[in-house]
Amino acid sequence: MIDQQIEIPTKDGSTTTFITHPERGGPLPVIIFYMDAPAIREELRDMARRLGTSGYYVMLPNLYYRSGVMEIGPVPPDPNAPERKRMYELMNSINIPLIMDDTRALLGYAEGQAAANTKLVGTVGYCMSGRYAINAATHFADRVKAAASIYGTHLATDQADSPHLAASKTKAELYFACAETDIYAPVEIIEKVKEGMSGAKAEVEIYPGTHHGFAFPKRPVYHRDAAERHWERLLALYRRNLV
C-alpha cells in the first residue's frame, strides 16, 4: 500500500488529505471518505486503509481546514466539556455547499493521478458527513456511482439538498446504515428517509442493538458484529457499482 498526506488546493485554501491505495492494479476507482465530527485521527486513517486494500484510491480530506484545525484529540462525553463545544462549533462551520466545493477540488486533483480513475467514484460519510456523501452523488452524478451514509445526521430536512430527497437526483446506488438507537437520527427521521428512497436504487438498513458511532473501534459504543456488517455492505456496494 502507498500512503501519503498532501495539501489539495480548494477555493478557500487547501485541505490536508490522507490518500491510500494499492501499489499495483491502477487506475483504481476513487473513494472519498468524509470524516465524522471528531475530525481526522489515526482511527479514520486505518479505516481508509482497510478500504484501500480492497482495490480503491481512497481520499480522506480534513474538512475543518477553513478553521485552521486538523486534529482535535479525544472528545469527552460531558456535553459541557470545552472540547465537545469546540467540536460542535467546527461541525457547524461547514455545510453542504462548502463540502461540495471541496469535493470538486478533490476530484480535480485525482484526475491528474495515474493511480486514480475518476470516472468511477464512491463516497462514504460517517455521522455529520453522511449528508455530504449522499449529496456528492447528486452534485457529481456523472461520476459518483455509489454513496453511503453511516449513521448520518441531518438526513431529512426542509432544504432542497436534504439527503432524503436525493434518489430522484442521481442514478447512483445509495445506502443508509442506521443505528437502532440514535438521538441524532431518531426513528421518525429514518422513516422519512425510507419514504424518500421508496422505489429507488437504495437501501435503508437499521442495525439492531446499536447506538450512534457503532462502527468506530475506539468508541465505547463500538459493536463488532455491526461494524463488520457495515464493512460487508460497503464493500459489496462498491463492488456492484465501481466497475
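The values are calculated or read from the model by the stated rules, or taken from the named source; none is laboratory data. In this text the structure is predicted, and so the values were computed from the model without any measurement. Cβ placement follows ideal geometry from the backbone for every residue including glycine, while neighbour counts extend to all protein chains displayed. These accessible areas exclude ligands, DNA and RNA; they are computed on the full protein's heavy atoms, side chains included. Shrake-Rupley method; radii C 1.70, N 1.55, O 1.52, S 1.80 Å.
Go through His223, Pro163, Met91 and say which Cα lies farthest out towards the positive end of the charge dipole of the chain; charges sit on Cβ, +1 for Lys and Arg, -1 for Asp and Glu. Projecting each Cα onto the dipole axis, the largest value belongs to Pro163. What residues have an amide H closer than 5 Å to that of Thr210, excluding those fewer than 5 places away on the same chain, when H is modeled at 1.01 Å from N in the peptide plane? For Thr210, the qualifying residues are Glu180, Thr181. Across the accessible surface of the chain, with the other protein chains kept in place and a 1.4 Å probe, carbon and sulfur atoms take up 51 percent. Loop-located trypsin sites (Lys or Arg not before Pro) in the range 1-86 (DSSP state other than H, G, I, E, B) with a sparse environment of at most 10 neighbouring Cβ atoms within 10 Å: Lys11, Arg24. Where only DSSP H runs of four or more residues are counted, the chain gives -10000 deg cm²/dmol as its mean residue ellipticity at 222 nm, each run worth -39500 (n - 2.57). For the range 160-168, the Karplus equation 6.51 cos²θ - 1.76 cosθ + 1.60, evaluated at θ = phi - 60°, returns couplings of 5, 9, 4, x, 6, 9, 6, 4, 7 Hz by residue, with Gly and Pro reported as x. Accessible surface of Thr20, taken over heavy atoms with a 1.4 Å probe and every protein chain present, rounds to 0 Å². Summing Lys and Arg as +1 and Asp and Glu as -1 over all other residues whose Cβ lies under 12 Å from the Cβ of Ser54 gives a net charge of +2.
Overall, the range 63-115 carries a charge dipole of about 120 debye about its Cα centre when +1 sits on the Cβ of Lys and Arg and -1 on the Cβ of Asp and Glu, all other atoms neutral.
Among beta bridges from DSSP that stay inside the chain, the antiparallel ones total about 35%. In this simple spin-label approximation, Lys171 and Ala81 carry label points 7 Å from Cα along the Cα→Cβ vector, and these lie 4.7 nm apart. Database remark: amide H of Thr10 closer than 5 angstrom to the amide H of Thr15 (H placed geometrically; neighbours at sequence offset of 5 or more, or on other chains; Pro and chain starts carry no H).
Between Tyr56, Ile189, Gly68, the Cα set farthest toward the positive side of the dipole of the chain (charges on each charged residue's Cβ, about the Cα centre) is that of Tyr56. For the chain, what class follows from the C-alpha gyration tensor (a ≥ b ≥ c being the square roots of its eigenvalues): rounded when a/c is under 1.5, otherwise prolate if a/b is larger than b/c, else oblate? Taking the square roots of the gyration eigenvalues as a ≥ b ≥ c, the chain is rounded. Relative to the Cα centre, the charge distribution of the range 142-218, modelled as +1 at Lys and Arg Cβ and -1 at Asp and Glu Cβ, gives a dipole magnitude of about 360 debye.
Calculated FRET efficiency, Arg50 to Lys11, Cβ-Cβ distance, R0 = 25 Å: about 0.20 to the nearest 0.05. Under the convention that each Lys and Arg Cβ holds +1 and each Asp and Glu Cβ holds -1, the size of the dipole of the chain around its Cα centre is about 520 debye.
In this simple spin-label model, placing a label point 7 Å from the Cα along the Cα-to-Cβ direction at both Met1 and Val187 gives a separation of 3.9 nm.
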